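Down below is the structure, laid out as structure tokens.
Derivation of every value follows stated rules applied to the coordinates shown; laboratory data play no part. Computed from a prediction, not measured in an experiment: that's the story for all the values here. Cβ sites come from the backbone with ideal geometry, for glycine too, and all protein chains shown count toward neighbours.
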Amino acid sequence: MNKQSLVGSLSFHLQRALVVRSEFGLRELMVRLLRRLGLGGRELAAWQKRKMEADAEFDRKFGTDTGGVQNLADEHGIVGENAKHGLAHIASDPLQFRLIMDTLNLPVSEYTFVDLGCGKGRALLLAAQFPFKSIIGVDFVPSFVEAARTNVNIAASQGIRGDIEVVVGDATQFILPSGALLIYLYNPFDSRVVGKVARHLRESHQEDRRPLVVVYANPVHLSEFTSCGWQFMTKGSGWVALTRQS
Ligand SMILES: C[S@@+](CC[C@H](N)C(=O)[O-])C[C@H]1O[C@@H](n2cnc3c(N)ncnc32)[C@H](O)[C@@H]1O
């Protein structure tokens, strides 16, 4: 397995662990991890170490605070009705993000990038390194949106584009802008909300048949997309890109 596949695979396993913890509790997660003791446990520890290093490296470079793992149970004022269906905040991996963009090779200057569940804005800042037409982040945790806006301003002072819009809202309700879209999901919600978002995006596309690409990283609930007519465009280790016929 090459380095990038390993990163994707480990990232996938950590997200699975977070899903188990959020849906079944810490005790069940520990039971499952103990069952896998040995190589599985070492892989997870190695991934966590590498992730902490990557987070620190990114934030050191830009003077931002986009990393760490934040549990939604510790956050206040979550908007909408889907708080219990959201997964913990964990920031995108810069290496995986670049790999996705290089593989997709889209004419990004024609596309708006929308991160549904943008957290503290890591993926927004990664997208800002590509010439997207515009960049928008949405998160239902007000303190994450505030942190993302602060991070955008800090990065802008380092020469990264500052015209990034970050809004508080529930992903299932977000009204998509017109024009070609790249929707980015970094395993933000459980199956119920992934299903709602997949149908919400399908309806938006039925009303406005523009190019629409969904990148789903750590696609734990992929069947929610494929079961409502989304088609594979391409896939890599730990991520998929989906689309619909225009
Ligand atoms: C795994 S983090 C991803 C962070 C960011 N996209 C990145 O790649 O760095 C998932 C984020 O989704 C947000 N989220 C979960 N459910 C949501 C919902 N229904 N609407 C909006 N945001 C949601 C959480 O608050 C969290 O910040």
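Descriptive notes on the structure:
- Ranking of LYS133, LYS61 by neighbouring Cβ atoms within 10 Å, starting from the fewest: LYS61, LYS133.
- Cα centroid of the stretch 61-79 to Cα centroid of the stretch 105-146, whole Å: 16
- With neighbour counts taken as other beta-carbon atoms within 10 Å, the residues ASP139, ASP65, ASP59 rank, fewest first, as ASP65, ASP59, ASP139.
- With contacts taken as Cα pairs under 8 Å at a separation of at least 6 residues, the stretch 118-246 carries a relative contact order of 19 percent.
- Stretched out straight at 0.36 nm per residue, the stretch from GLU53 to SER178 would grow longer than its current Cα-Cα span by 41.2 nm.
- Considering the stretch 142-239 at the alpha-carbon level, its Rg and Dmax are found to be 15.0, 44 Å.
- Reachable aspartates and glutamates from LYS120, criterion Cα separation under 17 angstrom, eight or more residues apart if same chain: ASP55, GLU57, ASP59, ASP65, ASP74, GLU75, ASP93, ASP139, GLU146, ASP163, GLU165, ASP170
- ASP102-GLU43 FRET efficiency (beta carbon distance; Förster radius 25 Å; 0.05 resolution): 0.50
- Label point at THR243 placed 7 Å out along Cα→Cβ; residues across the stretch 81-118 whose backbone nitrogen lies under 20 Å: 97-116
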